[in-house]
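Colleague: The structure's right below; bear with me while I get my questions together.
The values are calculated or read from the model by the stated rules, or taken from the named source; none is laboratory data. This is a predicted model, so every value here is computed, not measured. Positions of Cβ are backbone-derived with ideal geometry, glycine not excepted, and every protein chain shown enters the neighbour counts.
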Amino acid sequence: MAAGEARTRHVARSLLGRALPVVGVAIAVSLFEFASRSGLVDARFLPPASSMLGSLVDQVADGSIWQPVGQTLQGWALGLGLAMAIALPLGTLIGSVFLLFMATRSIVEFLRPVPSVALIPLAVLLFGAGLESKIFLATFAATWPILLQTLYGVRDVDPVAMETARSFGIKAPQRLRRVVLPSALPYIATGVRISSAVALILSVTAELVLGAPGLGQEINIARQSGAVELMYGLIIATGLIGWGLNVLVALVERRLLHWHPSQRERT
Amino acid sequence: MLRVEHVKKVYGEGTRRPFEAVADLSVTVSEHEFVSIVGPSGAGKTTLLKCIAGLLPQTSGAVYLDDEEVVGPPEKMALVFQDYSRSLYPWMTVEDNVAFPLKRRKLGKTAVRELIQDTLRSVGLGDAGAKYPWQLSGGMQQRVAIARALAYQPEILLMDEPFASVDAQTRADLEDLVLALRDRYGITILFVTHDIDEAVYLSDRVVVLTPSPTSVAEIVDIPLPRPRDQVETKELPDFARLRAYVWRSIKRPEQSATALA
């Protein structure tokens, strides 16, 4: 009897756990809708949620959204890919060699806080206002989180794990591949997750500010032509892409780190 | 045969505060012998073991394994660390952990498979190969670490307080396991512990260290009959006598200090 009750309570709670996020979203959207329809806010600047979503649906339906989405994703993918190609080997190298770590520390600490957006004029000078600039900005911004996470991940390898490998006569390249990198992987994954978001932000920024083709540029065009609902629809699209990419990265992370304490309970 | 000759280890030599961990230590371990090293905590036992294992260069003196000077981790030697949870790799299955040191051995695939199965069975974990270490209890994890060391097929096994972090019952089981494995594989064991009962129960000889800077205070022969048994051996009057003797030998410096005060 008591067990049955406990089970009922458990089922009720898990149903509630699934329903609540949906309820939250529904309430937020309704509030948006109401605020605009009731005249609480000016519908010219903040149209009701239904018409924002409607214009997004239209864009999807006639297929005109896919090209800018592809262009934005291209910026994200190339930016993040290049950042990984630069930061992973560099971070591993700096993290493994103590003298290099000490020598590069101030350089990294100085360059890292430079907001990528401040490099827009430089990007224009070097690459013009197209894809190259977008990739340059996304890469610059996305490199730092991965570089720092890799660096500290490699430095933070458990000395006992390393001594174990050394005691069995495992040579340095093998130690790197089989001990150092797997044990730094949780750090690296966090870096990649942050950099993924950063690369998307910088891609959209480059499109907005430089007019590089992509969602950001479309948002700007919609604003200029007074298509407010379309503008919001596209903004929602960028949000959805960000969310989708985060889900994707988290999935990859869960697969790679299934052995890590942070992921164990879920599998 | 392992010979440790006048090993001295000073940390931070040439700095303003050098720390002498090991002063001057010599000891010999014959083939198939079981020798324990006991000493007060902070006596530089781990430092000494790392020097012997070729993981840490000593300041002076030398270590010889079968008349070859140890300058790096020797192929005939395997180590079992106290901290199994840090020494086993959580991203590898139990099998992969055991297979890890075999890279150096250049064996065929089937030979590796057999070796893994054989060593896992010999520590009583024949069915756990596909699991991950963190899915096992502490005692089982240390068994995996022992299996890994055995798979390396060493002539001598160095164990650094291997059972310090398991409960008493598991500890007794693991002690008997190590004795059985030693007979089965015919290996020499150098065993570091702070547990005097454990040292006397397991060993042929017990090396008592002084507090740091460490040297040998005394070497005690343990002529207890083998095979040893957790109950029968430990109720022998000789066991009690030897245990008390080693105990006094370790505590003597403190006793004389209190006697002076």
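Colleague: What number goes with the only condition from (1) of a type in the set (A, V, I, L, M); (2) more than 24 Å from the chain's Cα centre (by Cα); (3) more than 16 Å from A:ALA184 (Cα to Cα) that A:LEU73 does not pass?
Modeller: Status for A:LEU73: all satisfied but (2).
Colleague: Next question, about the same structure. Would you be able to tell me the number of residues in the stretch B:116-131 that are hydrophobic (A, V, I, L, M, F, W, C) and either loosely packed, with under 13 Cβ neighbours inside 10 Å or within 14 Å of another protein chain (Cβ to nearest Cβ) (or both)?
Modeller: 1
Colleague: Go through the stretch A:159-267 and tell me which helices (runs of 4 or more DSSP H), entirely inside it, have 3 or more residues that are of a type outside the set (Lys, Arg) and in contact with a Gly (Cβ under 7 Å, 6 or more places away or on another chain).
Modeller: By residue number, A:181-210.
Colleague: Which one is nearest to B:MET159 (Cα to Cα), of the residues in the stretch B:63-78 that are facing another protein chain (nearest Cβ under 9 Å) and crowded, with 18+ Cβ neighbours inside 10 Å?
Modeller: Per the stated criteria, the residue is B:ALA78.
Colleague: Give the residue, chosen from A:GLY191, A:GLY169, that is in contact (Cβ under 8 Å) with a residue 40 or more places away in the chain and in the same structural domain as A:VAL252 (by TED's automatic domain parsing). Spell out the reasoning first.
Modeller: Working: A:GLY169 fails: in contact (Cβ under 8 Å) with a residue 40 or more places away in the chain.
Being in contact (Cβ under 8 Å) with a residue 40 or more places away in the chain and in the same structural domain as A:VAL252 (by TED's automatic domain parsing) holds for just one of A:GLY191, A:GLY169, which is A:GLY191.
Colleague: With respect to B:ALA43, is the statement that it is buried (at least 21 other Cβ atoms within 10 Å of the Cβ), at the interface with another protein chain (Cβ under 8 Å from one of its Cβ atoms) and in contact with a strand residue (DSSP E or B) (Cβ under 9 Å, 6 or more places away or on another chain) true?
Modeller: No, not satisfied.
Colleague: Among A:THR104, A:THR143, which is more than 20 Å from A:GLN217 (Cα to Cα), assigned by TED's automatic domain parsing to the domain that holds A:VAL249, at pLDDT below 95 and among the hydroxyl-bearing types (Ser, Thr, Tyr)?
Modeller: On inspection, the qualifying residue turns out to be A:THR104.
Colleague: Please indicate, with yes or no, whether at least one residue in the stretch B:98-110 is crowded, with 23+ Cβ neighbours inside 10 Å and part of a loop (DSSP other than H, G, I, E, B).
Modeller: no
Colleague: So which residues in the stretch B:79-95 are among the aliphatic types (A, V, I, L, M) and at the interface with chain A (Cβ under 7 Å from one of its Cβ atoms), if there are any at all?
Modeller: Within the stretch B:79-95, B:LEU79 is the sole residue that qualifies.
Colleague: Consider the stretch A:171-202. How many of its residues are at the interface with chain B (Cβ under 8 Å from one of its Cβ atoms) and among the β-branched types (Val, Ile, Thr)?
Modeller: Start the filter on the stretch A:171-202 by keeping residues that are at the interface with chain B (Cβ under 8 Å from one of its Cβ atoms), which leaves A:174, A:178-179, A:182-183, A:185.
Keeping just the survivors that are among the β-branched types (Val, Ile, Thr) gives A:179.
Residues meeting the conditions: 1.
Colleague: Continuing with the same structure: So for the stretch A:244-257 (the condition being within 20 Å of A:TYR187 (Cβ to Cβ), in the same structural domain as A:PRO182 (by TED's automatic domain parsing), among the small types (Gly, Ala, Ser) and within 20 Å of the chain's Cα centre (by Cα)), does at least one residue qualify?
Modeller: Scanning the stretch A:244-257 turns up at least one residue that is within 20 Å of A:TYR187 (Cβ to Cβ), in the same structural domain as A:PRO182 (by TED's automatic domain parsing), among the small types (Gly, Ala, Ser) and within 20 Å of the chain's Cα centre (by Cα).
Colleague: For the stretch A:134-149, indicate whether the set of residues that are over 21 Å from A:SER195 (Cα atoms) and among the hydrophobic types (A, V, I, L, M, F, W, C) is non-empty.
Modeller: No, the stretch A:134-149 contains no residue that is over 21 Å from A:SER195 (Cα atoms) and among the hydrophobic types (A, V, I, L, M, F, W, C).
Colleague: So how many residues does the stretch A:148-170 have that are at the interface with chain B (Cβ under 7 Å from one of its Cβ atoms), among the hydrophobic types (A, V, I, L, M, F, W, C) and surrounded by fewer than 23 Cβ atoms within 10 Å (Cβ to Cβ)?
Modeller: 3
Colleague: Within the stretch B:200-217, track down each residue that is part of a strand (DSSP E or B) and small (Gly, Ala, Ser).
Modeller: Result: B:SER215, B:ALA217.
Colleague: Scanning the stretch A:16-40 for residues that are part of a loop (DSSP other than H, G, I, E, B) and surrounded by fewer than 11 Cβ atoms within 10 Å (Cβ to Cβ), which turns out modelled with the lowest pLDDT?
Modeller: A:GLY39
Colleague: While we're on this one: If I filter the stretch B:234-243 for residues that are crowded, with 19+ Cβ neighbours inside 10 Å, at pLDDT 90 or above and in a strand (DSSP E or B), do I get at least one hit?
Modeller: For the stretch B:234-243, residues crowded, with 19+ Cβ neighbours inside 10 Å, at pLDDT 90 or above and in a strand (DSSP E or B): absent.
Colleague: Given the options B:GLY54, B:GLY12, name the one that is on the phi > 0 side of the Ramachandran plot and more than 14 Å from chain A (Cβ to nearest Cβ). Step through it out loud before you land on a result.
Modeller: Values: B:GLY54 fails: more than 14 Å from chain A (Cβ to nearest Cβ).
The match here is B:GLY12.
Colleague: A further question on this structure: Give the residues of the stretch B:153-174 that are in a loop (DSSP other than H, G, I, E, B) and more than 16 Å from B:TYR201 (Cα to Cα), sorted by residue number.
Modeller: Filtering the stretch B:153-174 for residues in a loop (DSSP other than H, G, I, E, B) gives B:153-155, B:161-167.
Correct list: B:GLN153, B:PRO154, B:GLU155, B:SER165, B:VAL166, B:ASP167.
Colleague: Being under 30 Å from B:ASN97 (Cβ atoms), part of a helix (DSSP H, G or I) and either within 14 Å of another protein chain (Cβ to nearest Cβ) or touching a residue at least 24 places away in the same chain (Cβ under 8 Å) (or both), is that true of even one residue in the stretch A:122-140?
Modeller: The answer is no, given that none of the residues of the stretch A:122-140 is under 30 Å from B:ASN97 (Cβ atoms), part of a helix (DSSP H, G or I) and either within 14 Å of another protein chain (Cβ to nearest Cβ) or touching a residue at least 24 places away in the same chain (Cβ under 8 Å) (or both).
Colleague: Next question, about the same structure. Give all pairs with beta carbons closer than 6 Å in which a residue from the stretch A:8-36 that is of a type in the set (A, V, I, L, M, F, W, C) meets a residue that is assigned to a helix (DSSP H, G or I); count only pairs at least 6 apart in sequence or on separate chains.
Modeller: Note: pairs meeting the criteria are A:VAL29/A:ALA49; A:PHE32/A:ALA49.
Colleague: Tally the residues that are crowded, with 19+ Cβ neighbours inside 10 Å, of a type outside the set (A, V, I, L, M) and out of contact with any Asp or Glu (no Cβ under 8 Å at 6 or more places or on another chain), restricting the search to the stretch A:63-104.
Modeller: So the answer is 5.
Colleague: Which one of these does B:ALA62 not meet: (1) over 20 Å from A:VAL160 (Cα atoms); (2) in contact with a Pro (Cβ under 9 Å, 6 or more places away or on another chain)?
Modeller: Evaluating B:ALA62 over (1) over 20 Å from A:VAL160 (Cα atoms); (2) in contact with a Pro (Cβ under 9 Å, 6 or more places away or on another chain) leaves (2) as the failure.
Colleague: Also, I was wondering about something else. Can you tell me which condition B:ALA180 does not meet? The list is (1) more than 14 Å from chain A (Cβ to nearest Cβ); (2) buried (at least 17 other Cβ atoms within 10 Å of the Cβ); (3) of a type in the set (A, V, I, L, M), and all the others hold.
Modeller: Result: B:ALA180 passes all but (2).
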